[in-house]
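The values are calculated or read from the model by the stated rules, or taken from the named source; none is laboratory data. The structure displayed is predicted, hence computed values, not measured ones. So basically every Cβ, Gly included, is an ideal-geometry build from the backbone, and we count neighbours across all protein chains shown.
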Amino acid sequence: MAQGSARESARIGGMRTTAKYEVDALVKDLIGQFSGARLPMPVVVLYAEDDDPDLDREVRGVVHAVQEAQEAGGLPYRVVAGADGDDPHRNAVAIVDSLAKGPWARRGPAWYRSYPAPRSRLVAAIESAARHALAAPDAAGRPLDDHVETVLGRLRDLHWRPEPRPAGGELQRLLSPVLNSTSLIGAFVLAGLTSLLTQATWQVVVLVLLAALLVLGVTGWVRRNTAPLSWLGRASRWFATTTFLAASGRQAVAWSLWRPRMSWDVTRARAREVAGEILKAQLPGTPDDEKDRAQQFHLQLRTLALLEDLRWAHRSWAPDLRGRKRRVPPVVFVPRADARNGALRVLGAISDVRSRRSEQDPLLVLAAVAHADVAAWLEDAGTAPVTVHAVGSRRRGPYENWVSDLRVRQAPSRGRALAWTLPVRLTRHQLGAGETTRLAPVPVGRSWWFLWSRWTVLAVLVLAACGGLLRVQQLGDRYCGPRLLGSNPDAVWRVDPGGTRECVGVATGGVSLAGDGGGIRLSGTLPGEDTDRTGAAVGLETLEAAIRRENARVDALPDVHYVTVVYAGSLTTVAGQQSRALNSLKELTGVHLAQIRNNAGPGDPLKIKVLVANGGQDMYFQTDMVRRIVDLARRDRSIVGVVGLGRDTADSDSSLTLLQQAGLAVVSTTNSGSYLAKGHVNYFGLAATDQEEAAALRLIVDGLAVPPADRWAAVLTRTAGRDDRYSPEQAQYGSAMLKEAGFQLIGGHPLEYGLTSNGDPDFEAALSTSCHSEHPPAVLYLAGRADDVNQLMRRLAADAGCSRPLTVLTGDDLTKAQFRTGATSMAPQATLYYTALSDPSVTARDSDLAAVAAAELRLAPTGGNPYEDDVFSDGALALAYDATAALQAGPAKAGASQHGGVGSVMAGLRAVEMKSRASGTVDFRDTRPLATGPQPGHGLHIIRVRRGPQGTPVTERICGRAAGDTRPLTGCTP
């Protein structure tokens with residue numbers, strides 16, 4: 001009957017089965033359990049049912065067959081042949097050491113890197129140092145403590161490595177991983193060096209290479225001369241914290257990330273204890289019971305290190321997701337496990353360590369044990385008999401029975417020492433059934449998680465960084481403040497007709513108009529760089545920083561009410577033409593001083609914030625700038641208006657229309673366009689119009705007493721362009737005024753002059769027509785810009801046809817021309833008359849402008865009247881100072897702030913009257929919207945410039961009136 005039941009156990013559903021098939025099916029089932037649910041992996045022990053050496057060979061053949069089947073697949077496995085030494089303990093340690101070293105066998109390349117074994121290397125380093133200590137000539141007879149000290153000294157010499165590094169080839173080992181083009185990091189390094197060699201100078205290349213070699217040398221020295229298993233290493237942390245060692249010694253768990261010295265002391269203390277146990281296990285004088293205990297400790301520590309290394313190599317949520325890539329467990333095949341070769345000890349150590357530890361490792365072991373060794377190995381006296389599972393019974397599989405019993409088999413009162421062993425008994429009929437089935441390798445599916453790795457992450461990060469840099473570079477070609485996410489749309493790059501890139505728009509979000517943008521940088525400062533005279537020089541960068549600080553201070557005030565004023569001017573220029581932005585720089589200075597003055601006064605509860613807007617050189621991009629002001633005003637309801645727009649261009653009309661539609665008031669500083677107030681209800685100008693300036697110059701023309709026969713005049717005007725409406729309007733009113741005064745125009749119309757490629761005026765053709773005509777002119781009317789006067793005077797002095805007394809008139813304000821310094825010359829035969837919008841030396845005596853400038857910006861000219869200094873004398877700073885104060889007074893009268901009420905700002909402006917200002921009286925009460933005639937109250941002064949006895953220009957005021965004075969000009973005699 002027993003023989004019949006054995007035969008039945010070898011059948012499945014009436015079909016004959018073989019041991020190889022059953023074991024192969026069990027192994028595949030275990031691997032499937034691990035892949036699907038990460039269930040515990042046992043130590044599977046195969047043995048024959050009967051004590052027969054032939055059957056033992058058949059059992060070993062089953063392990064060989066399963067192992068050979070896996071050679072064609074991707075399952076990571078190792079084969080343990082067993083050592084041939086006479087010491088079972090050394091053989092067992094050698095088996096564990098061989099499992100921790102080298103790659104695991106599999107067909108094809110690994111889908112993930114080999115199993116790292118830092119913990120095993122740490123224990124191997126202590127073993128290597130112990131062997132070195134025992135091999136010393138004077139080792140015999142030395143006390144154990146001396147041996148331990150020798151071990152620790154050897155560990156220090158080897159930097160806690162199992163073996164010393166080979167000498168020589170340091171430079172090659174240092175550079176080979178970096179300059180190897182087949183590796184990812186090497187490819188990136190070589191690509192970077194190639195790009196550097198093609199784009200940088202040789203000095204930069206040499207410096208980069210030297211720096212790279214220095215960094216590599218330092219890091220290489222650190223790697224060679226410091227312990228790889230130091231304070232932050234995984235192995236050191238495990239060694240200092242594992243309870244396996246805490247139970248064996250007196251050193252408590254004291255590893256801390258923030259206390260490296262203490263953590264390393266714990267590691268050395270535990271290394272001392274482990275070294276002592278390893279030495280006891282090998283010293284011949286150690287008592288048998290103590291040696292057996294030491295050997296057990298040594299083997300179990302070695303096994304624990306291996307299992308911990310494998311467990312960490314399969315963590316699912318590690319940064320590299322290694323557990324999701326390794327879908328199958330590592331398998332160890334032991335064709336012959338007996339007491340002599342140490343394999344039985346290893347199997348027992350694995351079960352013992354697993355019973356002591358709560359962590360679950362992935363190692364699967366398939367071992368063959370001779371029948372003669374099974375009883376002594378599996379059975380213990382005084383314990384319950386083990387339940388072995390005959391393969392072939394499908395009511396409950398061997399693994400299911402083992403897992404179910406594992407819950408209680410580890411309990412000391414119920415279980416056995418080898419609870420993690422799954423014994424499989426093979427019958428004679430199963431072993432002798434023959435080759436009825438061909439075994440196939442375990443199908444190891446590739447997981448897409450293998451794409452995730454440190455190199456993949458590095459590559460993704462590098463590609464993302466490169467893509468981000470390229471994107472930022474693309475955005476940098478469009479926006480002045482490029483950001484990968486959310487670029488600043490308020491300031492953009494624009495290219496003028498000369499090919500110069502300028503930052504146009506509103507400088508919000510940290511954008512600086514003074515920054516370097518393709519070679520464009522405003523380096524011009526306020527005149528008076530002599531610090532002994534002015535105290536300081538102010539540049540655009542200084543002003544922008546000061547304005548941002550004041551804006552931030554206003555934001556920080558509790559329960560603050562404020563309005564935002566936008567200054568719009570021409571703040572960038574082509575290199576070498578910075579003087580063209582000097583007028584706007586002065587105006588911005590006046591705006592900031594007005595902001596400081598208003599915000600510091602306790603009687604002004606409505607504070608001012610300032611934003612800076614740039615329209616490019618000569619306001620060429622005025623429309624772009626205004627569109628961005630309007631867009632910003634939609635988002636920021638505290639913006640009440642614009643100060644500036646002092647240059648009349650062809651876009652001025654449409655720009656004011658856009659601002660008017662957005663409900664923004666404009667308080668202009670120096671714009672003299674006569675048509676602006678007539679067509680826009682939001683326009684408030686402090687400057688006299690071209691029509692008013694021409695009418696004032698009529699007083700000079702009438703006083704010349706030129707005979708009727710000699711009343712010939714020439715009007716010189718810039719060629720009309722899209723960026724200049726000012727010159728044609730001046731020419732229109734100037735021509736009409738001269739005709740009304742009885743003068744005839746040479747050519748019958750204004751004579752046009754063009755500009756050179758760098759923006760300088762070219763008077764050659766215009767002066768040839770006027771000075772060499774049949775009737776030489778007695779009067780020249782320059783309907784151009786103040787920038788053109790210097791070149792005109794040079795041409796008049798050089799042209800023999802113009803060498804006669806000549807009166808030159810111009811409606812443009814030439815106060816910014818540098819006659820005093822000699823930078824602007826005067827022709828010897830010419831007398832120049834121009835109109836000035838403001839004369840601070842007369843009008844600003846009662847204002848606090850100079851005091852505020854001295855206190856806030858250290859602009860403190862010496863002398864009796866500081867307003868005669870070039871800082872203030874041209875009136876640009878004074879006009880902007882008053883314009884800003886007016887744009888604050890209007891909202892204050894209307895009750896507007898950032899909380900609302902901005903729609904009534906223009907009504908509030910028409911109620912503004914401010915006396916004792918730098919330009920006189922600012923009075924908008926009689927400023928009628930859409931008025932067809934000239935507006936009253938504009939300041940206007942006539943200045944004469946002649947060449948003095950020393951050849952330098954002499955400037956004198958002929959007549960004038962302050963702002964707010966509506967009386968006609970008197971005393972204007974040439």
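Any idea which of Ser672, Ser655, Ser584 is part of a loop (DSSP other than H, G, I, E, B), under 29 Å from Asp760 (Cα atoms) and of a type outside the set (A, V, I, L, M, F, W, C)? Among Ser672, Ser655, Ser584, only Ser672 is part of a loop (DSSP other than H, G, I, E, B), under 29 Å from Asp760 (Cα atoms) and of a type outside the set (A, V, I, L, M, F, W, C).
State whether one or more residues within segment 203-210 are modelled with pLDDT of 65 or more, in a helix (DSSP H, G or I), surrounded by 16 or more Cβ atoms within 10 Å (Cβ to Cβ) and not hydrophobic (A, V, I, L, M, F, W, C). For segment 203-210, residues modelled with pLDDT of 65 or more, in a helix (DSSP H, G or I), surrounded by 16 or more Cβ atoms within 10 Å (Cβ to Cβ) and not hydrophobic (A, V, I, L, M, F, W, C): absent. Please work out if Gly742 is in a loop (DSSP other than H, G, I, E, B) and either out of contact with any helix residue (DSSP H, G or I) (no Cβ under 9 Å at 6 or more places or on another chain) or surrounded by fewer than 23 Cβ atoms within 10 Å (Cβ to Cβ) (or both). Yes. Among the residues of segment 769-790, are any in a helix (DSSP H, G or I) and farther than 25 Å from Gly951 by Cα? Within segment 769-790, one or more residues are in a helix (DSSP H, G or I) and farther than 25 Å from Gly951 by Cα. Pick from segment 328-349 the residues that are within 15 Å of Val442 (Cα to Cα) and aliphatic (A, V, I, L, M): which of them is modelled with the lowest pLDDT? Residue satisfying both the conditions and the ranking: Val328. Looking only at residues in segment 928-947 that are within 29 Å of Val701 (Cβ to Cβ) and under 55 Å from the mean Cα position of the chain (by Cα), the one that is surrounded by the fewest Cβ atoms within 10 Å (Cβ to Cβ) is Ala931.
Does Ala714 satisfy the criteria of being without any contact (Cβ under 8 Å) to a residue 24 or more places away in the chain and either in a strand (DSSP E or B) or not assigned by TED's automatic domain parsing to the domain that holds Asp618 (or both)? No, not satisfied. Here Ser727 fulfils each of the conditions (1) touching a Phe, Trp or Tyr at 6+ places or on another chain (Cβ under 8 Å); (2) polar (S, T, N, Q); (3) touching a residue at least 40 places away in the same chain (Cβ under 8 Å) apart from (1).
Listed here are the strands (runs of 3 or more DSSP E) enclosed by segment 858-974 that have at least 1 residues being over 30 Å from Pro805 (Cα atoms): 913-917, 920-923. Filtering Leu304, Leu299 for residues that are in contact with a Phe, Trp or Tyr (Cβ under 6 Å, 6 or more places away or on another chain) and touching a residue at least 60 places away in the same chain (Cβ under 8 Å) leaves a single hit, Leu304. If you check Gly721, Gly747 for being modelled with pLDDT under 90, in contact with a helix residue (DSSP H, G or I) (Cβ under 8 Å, 6 or more places away or on another chain) and of a type outside the set (Asp, Glu), only one passes: Gly747.
Residue-wise test of (1) within 16 Å of Val93 (Cβ to Cβ); (2) surrounded by fewer than 20 Cβ atoms within 10 Å (Cβ to Cβ); (3) not charged (D, E, K, R).
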residue: Asp309; (1), (2), (3): yes, no, no
residue: Ala339; (1), (2), (3): yes, yes, yes
residue: Gly342; (1), (2), (3): yes, no, yes
residue: Val346; (1), (2), (3): yes, no, yes
residue: Ser358; (1), (2), (3): no, yes, yes
residue: Ala368; (1), (2), (3): no, no, yes
residue: His371; (1), (2), (3): no, yes, yes
residue: Ala375; (1), (2), (3): no, yes, yes
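Within segment 729-736, is even one residue at pLDDT 90 or above, hydrophobic (A, V, I, L, M, F, W, C) and in a helix (DSSP H, G or I)? Yes, that holds for at least one residue. Does Gly646 satisfy the criteria of being assigned to a loop (DSSP other than H, G, I, E, B), touching a residue at least 60 places away in the same chain (Cβ under 8 Å) and surrounded by 24 or more Cβ atoms within 10 Å (Cβ to Cβ)? Yes: the conditions hold for Gly646.
Residues of segment 653-666 include none that is at pLDDT below 90 and buried (at least 19 other Cβ atoms within 10 Å of the Cβ).
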